[in-house]
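*Asks:* This structure is in structure tokens; I'll ask about it shortly.
Read-outs: derived from the displayed coordinates by stated rules, not from any lab. Since the structure is predicted, the reported quantities are computational estimates derived from the model, not experimental observations. Heads up, the Cβs are rebuilt from the backbone with ideal geometry, glycines too, and the neighbour counts pull from every protein chain shown.
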Amino acid sequence: MMFATRCLIDTFARAQCRLALFLLPMILASLAKATDFKLHSTVKKPIPWGQIAFTRQGYLLLPVAQVVSLSEEELRRERERRRRWLDRPTEEQVNELVQREPGEDERSYRLRRSLAELYLRWLKANPHVAMPKEIKRARKVELLVVKPSLSGLDEVARIPLWEGDIDVVSQISHFGGRIFTKDMTNLWAGAIVGERWIAAWARIFSPRQRYDVTILVNAQDFKQWSLLGEMHPLCWIDEKRLLVSMDKGGKPTLVELRLGEDGKVQEERLLAPSPSSRLSATVVPETNQVLIKRAFVFHSLDLETGSITKAQHGFKVSGQEIKIPKWTNFLIHDGHLWVVDRIRSKLYSLVLLQKASLRIVASWSLPRKMGEDFWDGPLLALDSGLVLVRERRFRRSLGRRATSGTSTGWGSLWFFDPKTSHTPQPLPLPDIRIESETQPATLSPDGLWLALRVDEQTLQVWMVRK
């Protein structure tokens, strides 16, 4: 009897152990998802495309624009100017509106010119479209510095980035029976945070003006700032070296700036020609490599030699090509490079070695069926895992098994913990607008605050509770 009882107890104990081992991944996944988000505050201002960022001290840097409606007299003068512009020769207008990008192939350039010509002909046939009842203009861009606290967002400083006059256009899109309206302006702005300095920038694209301007801000004292020049900052190499794109001899060029103790430029080192005027860059730790990205294409810049690789549409590792997403930048976390293969729906952890060679450390399959939303990212890293983006698409059936889709321009946020290798879980956060070479989300260094650029007019700050 005692032997039978002991056998029963042993059998029960083994069953409990197996059950515990079976439930352990789910328990770990539940613990990983224990992070909670509570909406803390909302900023409602015109927010240019670009970068939002936290400083090392926990200050949130947010570019905001001043948008005004024209007065009756200003509106009359603007309508007259537009009438004169519509009377100009179409070829002359196309030359003004469409300029060849560095490295752009002839077919792409000709296609953009053809589309611009078709649009101008339609506009001249419908001149009333160019004469709206109300016209909005962006007149100023500032870098708003705020400090999140339990009581709200405390404004610390407003740093001027740009002043001028540029149109704001309302764009109406129809997708899947829904109507989307957004204000469009060719203003981009943001900030790249270093150890001692902040490179804040504004970028203006318009027929009348097209340039970049960058200022250098003291990260310890926001009242101390100075004009750095007409350039576009890409990334901090270290606390005294800044990688920028500058116009040299009429061509965009990658330049390494070395700053002195006072923040003034002591040395300009010319590197390779810039592959585009719209780029994002990421320094790979403990190497001389900088990964440079433009939409689906990336390059590797060697800081030692100043040379840059040819355009690549994906990582080639052991004969396998990884197709990187268009909307998200590279993420370096825990010494690894994290990328999503958009086509295969896989997440990769890579190590970038010297001479731009890569090695796959691990990979995870992300759930997706043909015709479903695409996975992008990773967007950022939380303590317990990565935040992925799932690009929402409007889908329609083409037949029994075939579907097609159009991007909505919105992405939902999902959590994935590589340690548990479980299915990504949706986060209780709003969808975000996605655009190339932008950073729509940033996490404070202490991990307590998450800022999301929800759309062109809204920023939300969330309290992260663990």
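*Asks:* First select every other residue whose beta carbon is under 11 angstrom from the beta carbon of Thr438; then total the charges, Lys and Arg +1, Asp and Glu -1.
*Replies:* +1
*Asks:* Around Phe315, which amide H atoms from residues at least 5 apart in sequence, or from another chain, sit under 5 Å from its own amide H, with H modelled in the peptide plane?
*Replies:* The list, which skips near neighbours in sequence, is Ile322, Ile324.
*Asks:* Taking the Cα centre of segment 220-272 as the origin and placing charges on Cβ (Lys, Arg +1; Asp, Glu -1), which of Leu257, Met246, Gln220 is farthest toward the positive end of the dipole?
*Replies:* Value: Met246.
*Asks:* So, one more: Given contacts defined as C-alpha pairs under 8 Å and at least six residues apart, what's the relative contact order of segment 39-155, whole-number percent? Show your work: numbers first, answer last.
*Replies:* On the way: 109 pairs, mean separation 48.4, N = 117.
With pairs under 8 Å counted, the relative contact order is 41 percent.
*Asks:* OK, next. Output the peptides 443-451, 71-79, 153-161 sorted from most to least packed, where packing is the average of other Cβ atoms within 10 Å over each peptide's residues.
*Replies:* Result, highest mean Cβ count within 10 Å first: 443-451, 153-161, 71-79.
*Asks:* Mind scanning Lys44/Lys369; Lys124/Lys323; Lys140/Lys248; Lys293/Lys419; Lys45/Lys248 and naming the pairs with a C-alpha gap bigger than 32 Å?
*Replies:* Lys44/Lys369; Lys124/Lys323; Lys45/Lys248
*Asks:* On to the next question. Which of the lysines could a cross-linker bridge to Lys240, judged by Cα under 19 Å and excluding same-chain residues fewer than eight apart?
*Replies:* Lys264
*Asks:* How much net charge surrounds Val64 when only the other residues with a Cβ under 13 Å from the Cβ of Val64 are counted, with Lys and Arg +1 and Asp and Glu -1?
*Replies:* Working: positive: Lys44, Lys45, Arg139, Lys140, Arg158, Arg453; negative: Glu142, Glu155, Glu456.
Cβ neighbours under 13 Å give a net charge of +3.
*Asks:* If you place +1 on the Cβ of every Lys and Arg and -1 on the Cβ of every Asp and Glu, how big does the dipole about the Cα centre of segment 236-346 come out, in debye to the nearest 20?
*Replies:* On the way: 17 positive and 14 negative charges, 159 e Å.
With only Lys, Arg, Asp and Glu charged at Cβ, the dipole is about 760 debye.
*Asks:* Using the Cα centre of segment 71-133 as origin and beta-carbon charges of +1 (Lys, Arg) and -1 (Asp, Glu), tell me which of Ser108, Pro127, Leu86 is placed farthest towards the positive end of the dipole.
*Replies:* It is Pro127, whose Cα lies furthest towards the positive end.
*Asks:* Hey, which aspartates and glutamates would be in cross-link range of Lys251, C-alpha to C-alpha under 12 Å, not counting anything within fewer than 8 residues on its own chain?
*Replies:* Reachable aspartates and glutamates: Glu101.
*Asks:* About the Cα centre of segment 25-159, how large is the charge dipole given +1 on each Lys and Arg Cβ and -1 on each Asp and Glu Cβ? Please answer in debye to the nearest 20.
*Replies:* 260 debye
*Asks:* Assign unit charges at the C-beta atoms only (+1 for Lys and Arg, -1 for Asp and Glu), then state the dipole size of segment 71-133 relative to its Cα centre in Debye, rounded to the nearest 20.
*Replies:* 280 debye
*Asks:* For segment 242-338, build the convex hull from the C-alpha positions and give me its volume per residue in Å³.
*Replies:* Value for segment 242-338: 128 Å³ per residue.
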